[in-house]
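Working notes for the structure below.
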Amino acid sequence: MIPGNAPQWLKDADTWNADVELVNGEVVWRGGEFSGGVFRGDVFRGGVFSGGVFSGGEFSGGEFRDGEFSGGVFSGGVFSGGEFRGGEFRGGEWRDERYERVPYMLAMLGIVPECDGTLIGYRSTAADGCGRYTKNWSQPIGEYYETDLPPAGLGTCVKGIHVSSAAVAWTCFGIDPTAQLWRVKFQLADVLDCDGTKARIRGGHFERMAWPFVRPAERAALVEIGGKTE
């Protein structure tokens, strides 16, 4: 049942046997079928999503059978069909027989195999090579692999080396115009997981490079007026 004080987008949607609760003003979908419209809610916990657009919030249970997943976090439940066009796949079960999940998520980052099978991603460090998240870690140059990492399939928010697109590397931890960009060459066998926004790998070949899209004068100006920006 859809509550009388539900937001208009939910009242306008195509639904069947909906079980919806408003919790502190947030829409929590607990069961039933959402078959058309734009889901702008906060949590989808159960039931079936069979059409329309999932534009944000968290899909934590139930089955995504058809429609567009265009934003938010897929953290649980089953993805069996439809189109995954944006957001993060952090957990749950991938049953879409058309695509292999990890290569598909890598492709969303623009990471696709070169002719020899090599994959190329990007990451950033501080100017001195130290990690921007793990400050006491220093990025080696050349071939480097980490050991004793959580195994493949446990997501991207665990220990490992994280790569993405160069644009994400520029913005991920807040813009630091003094940061160093690294090109990372690796193989599909080195990929432990990918969620569509970043990949976790065990290692590869690391080399410094200049930021390809930041004008030198603009970068110098950013450094002069204060360095890091959020």
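Worth a mention:
- Residue within the range 179-194 that is under 19 Å from VAL73 (Cβ atoms) and charged (D, E, K, R) present: yes
- Among the conditions (1) more than 12 Å from PHE186 (Cβ to Cβ); (2) buried (at least 17 other Cβ atoms within 10 Å of the Cβ); (3) touching a Ser or Thr at 6+ places or on another chain (Cβ under 9 Å), LEU149 misses just one, which is (3).
- Qualifying positions in the range 17-32 - closer than 19 Å to PHE69 by Cα and either among the aromatic types (Phe, Trp, Tyr) or surrounded by fewer than 18 Cβ atoms within 10 Å (Cβ to Cβ) (or both): TRP29, ARG30, GLY31
- Of residues in the range 173-194 being of a type outside the set (A, V, I, L, M) and in a strand (DSSP E or B), the one farthest from GLY91 (Cα to Cα): GLN180
- Residue that is farthest from the chain's Cα centre (by Cα), among those in the range 93-124 that are among the aliphatic types (A, V, I, L, M) and part of a loop (DSSP other than H, G, I, E, B): VAL112
- Across the range 125-145, the qualifying residues are those that are aromatic (Phe, Trp, Tyr) and assigned to a loop (DSSP other than H, G, I, E, B), and the one among them that is farthest from PRO177 (Cα to Cα) is TRP137.
- Within the span defined as the range 158-172, every residue fails to be touching a residue at least 60 places away in the same chain (Cβ under 8 Å), outside any strand (DSSP E or B) and not charged (D, E, K, R).
- Members of the range 52-87 that are among the aliphatic types (A, V, I, L, M) and farther than 15 Å from MET105 by Cα: VAL53, VAL78
- Checking ASP176, ASP195 one by one, the residue that is under 16 Å from LEU109 (Cα atoms) and surrounded by 13 or more Cβ atoms within 10 Å (Cβ to Cβ) is ASP195 and no other.
- First in the range 38-55 and over 13 Å from ALA13 (Cβ atoms), second anywhere and assigned to a loop (DSSP other than H, G, I, E, B) and among the hydroxyl-bearing types (Ser, Thr, Tyr), Cβ under 8 Å, 6 or more apart: VAL43/SER60; ARG45/SER60
- Selection count where residues are exposed (fewer than 15 other Cβ atoms within 10 Å of the Cβ) and in contact with a helix residue (DSSP H, G or I) (Cβ under 9 Å, 6 or more places away or on another chain), scope the range 113-143: 2
- Filtered by the rule that a residue be closer than 20 Å to ALA210 by Cβ and touching a residue at least 40 places away in the same chain (Cβ under 8 Å), the range 129-143 gives GLY129, ARG132, GLN139, PRO140, ILE141, GLY142.
- Pair list, Cβ under 6 Å, 6 or more apart: the range 188-208 residue within 21 Å of ASP116 (Cα to Cα), other residue acidic (Asp, Glu) and outside any strand (DSSP E or B): ILE201/ASP190; ARG202/GLU146; ARG202/ASP190; GLY203/GLU146; GLY204/ASP190
Where a number appears in this text, it was derived from the coordinates with a stated rule and is not lab data. Keep in mind that this is a model prediction, so the values were computed, not measured. As a convention, Cβ positions derive from the backbone with ideal geometry for all residues, glycine included, and neighbour counts pool all protein chains shown.
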